[in-house]
Amino acid sequence: MGRYLLRRLLQMPFGLAVVGSLAFLLIHLAPGGPVTALSGEYATAELRQEIERRYGLDRPLAERYLAWAGAVLSGDLGRSYLHKAPVADVILERLPATLSIVLPAAFLSLLLGGAIGLLATRAPGAPRNMLAPVLALMGHMMPTFWIAQGLVLLFALKLGWFPVQGLDDPRAIRPELGDRLRHLVLPVTALAIHQLAMMALILRAALQAEVARPYMVTALAKGLDFPRARRRHALVNALHPVLAVMGGRIGATFVGAIAVEIVFALPGLGRLIVSAAINRDHPLVLGIALAVCAAAMLGNLLTDLMMNRFDPRMAIDRDETSHAA
């Protein structure tokens, strides 16, 4: 396990280098640039040249790439054009708002989606209840942006149960925990529904295949009732594909958070990268891309370790033993 973990951690810088290089080339080769955003549409040629010289935009692309890559290797993500602050500080300032909806949404999707998928699984030969799968499929097909807008229209505007936007009441002198939780209910729900639906569909499909296997027939023949056999035996084996898919969707969760943050006006990384892209804030866009990529890689690594914990057939230790032999 130790050698496997070390090998995966050593592979991460190479993946970040590939993602960062592609993002750098795509951003700098795209039409437009930060000069217009910094100087204004009607700036003089002298002002534009001064801005290019100050930010190093007049240098060749290869030279700018080498300078950026060298700075990243030293731990410096650059300085934001728009915020006039280090990129790392800007990201860390907005990160808590994003994590406050991403982490609860991930927990709810695993908990509720797992419960729905478990309860929707029927014994072989038993009549199947298609209501839960159909509802889960509808939840998965609906874009997160639509779900967020629907929650706002129903629970915020019509019923008035929850606030519409923001993290806190702007009229409050000091933010309160209860008020913060009320502001997070709708964003977390909107982000969780899509992931919850996928979790339920994948787990149900995996469980439906497992309950037809011989070991389940043996467990039932020994007198164990179906719900208990499904939970004790089939669920453990069905977690392998579920964890694999959910671990690979960490990046998609951050993408969904962008739409949620825009709808609910949350000051997180989603709105930050949108404003950075509009204003051609290249260092900030690249910094957020690297941060999300690193989070996805760490999530995939954690998923692999969990899969090895729940399913010893992954045989990470056995792979190391074979290499050593």
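The values are calculated or read from the model by the stated rules, or taken from the named source; none is laboratory data. Since the structure is predicted, the reported quantities are computational estimates derived from the model, not experimental observations. When we count neighbours, we look across all protein chains shown, and the Cβ atoms used for this are built from the backbone with ideal geometry, even at glycine.
Determine whether residue 94 is under 24 Å from the mean Cα position of the chain (by Cα) and basic (Lys, Arg). So residue 94 passes the test. Considering segment 25-62 alone, what residues qualify as being closer than 18 Å to residue 284 by Cβ and charged (D, E, K, R)? Correct list: 54 only.
Against the definition (in contact with a Lys or Arg (Cβ under 7 Å, 6 or more places away or on another chain) and either under 22 Å from residue 260 (Cα atoms) or hydrophobic (A, V, I, L, M, F, W, C) (or both)), how does residue 175 come out, yes or no? Against the criterion (in contact with a Lys or Arg (Cβ under 7 Å, 6 or more places away or on another chain) and either under 22 Å from residue 260 (Cα atoms) or hydrophobic (A, V, I, L, M, F, W, C) (or both)), residue 175 does not qualify.
Do you know which residues across segment 251-282 are in a loop (DSSP other than H, G, I, E, B) and over 22 Å from residue 156 (Cβ atoms)? The answer is 279, 280, 281.
Condition check ((1) under 23 Å from residue 78 (Cβ atoms); (2) surrounded by 24 or more Cβ atoms within 10 Å (Cβ to Cβ); (3) aliphatic (A, V, I, L, M)) across all residues:
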position: 254; (1), (2), (3): yes, no, no
position: 275; (1), (2), (3): yes, no, no
position: 284; (1), (2), (3): yes, yes, yes
position: 288; (1), (2), (3): yes, yes, yes
position: 299; (1), (2), (3): no, no, no
position: 302; (1), (2), (3): no, no, yes
position: 307; (1), (2), (3): no, no, yes
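Cβ separations smaller than 7 Å between residues 6+ apart or across chains give no pair from segment 270-284 residues that are hydroxyl-bearing (Ser, Thr, Tyr) to residues that are at pLDDT 90 or above and surrounded by 24 or more Cβ atoms within 10 Å (Cβ to Cβ). Among the candidates 79, 48, the residue that is under 28 Å from residue 258 (Cα atoms), among the basic types (Lys, Arg) and outside the structural domain of residue 293 (by TED's automatic domain parsing) is uniquely 79. Would you call residue 122 within 30 Å of residue 226 (Cα to Cα), over 25 Å from the mean Cα position of the chain (by Cα) and of a type in the set (D, E, K, R)? Yes.
Applying a threshold of 6 Å to beta carbon distances and a minimum spacing of six or more residues, or different chains, the list of pairs starting in segment 52-75 at a residue that is within 25 Å of residue 291 (Cβ to Cβ) and ending at one that is surrounded by 10 or more Cβ atoms within 10 Å (Cβ to Cβ) and at pLDDT 90 or above reads 65/24.
Does residue 112 satisfy the criteria of being assigned by TED's automatic domain parsing to the domain that holds residue 144 and closer than 23 Å to residue 200 by Cα? It is true that residue 112 is assigned by TED's automatic domain parsing to the domain that holds residue 144 and closer than 23 Å to residue 200 by Cα. From the residues in segment 221-239 that are in contact (Cβ under 8 Å) with a residue 60 or more places away in the chain and surrounded by 15 or more Cβ atoms within 10 Å (Cβ to Cβ), which one is nearest to residue 190 (Cα to Cα)? Per the stated criteria, the residue is 239. In segment 169-181, the qualifying residues are those that are among the hydrophobic types (A, V, I, L, M, F, W, C) and not in a loop (DSSP other than H, G, I, E, B), and the one that is surrounded by the fewest Cβ atoms within 10 Å (Cβ to Cβ) is 177.
Answer with yes or no whether residue 188 is part of a helix (DSSP H, G or I) and assigned by TED's automatic domain parsing to the domain that holds residue 109. Spelling it out, residue 188 is indeed part of a helix (DSSP H, G or I) and assigned by TED's automatic domain parsing to the domain that holds residue 109.
Restricting attention to segment 58-76, does a residue exist that is at pLDDT below 85 and either assigned to a helix (DSSP H, G or I) or farther than 27 Å from residue 275 by Cβ (or both)? For segment 58-76, residues at pLDDT below 85 and either assigned to a helix (DSSP H, G or I) or farther than 27 Å from residue 275 by Cβ (or both): absent.
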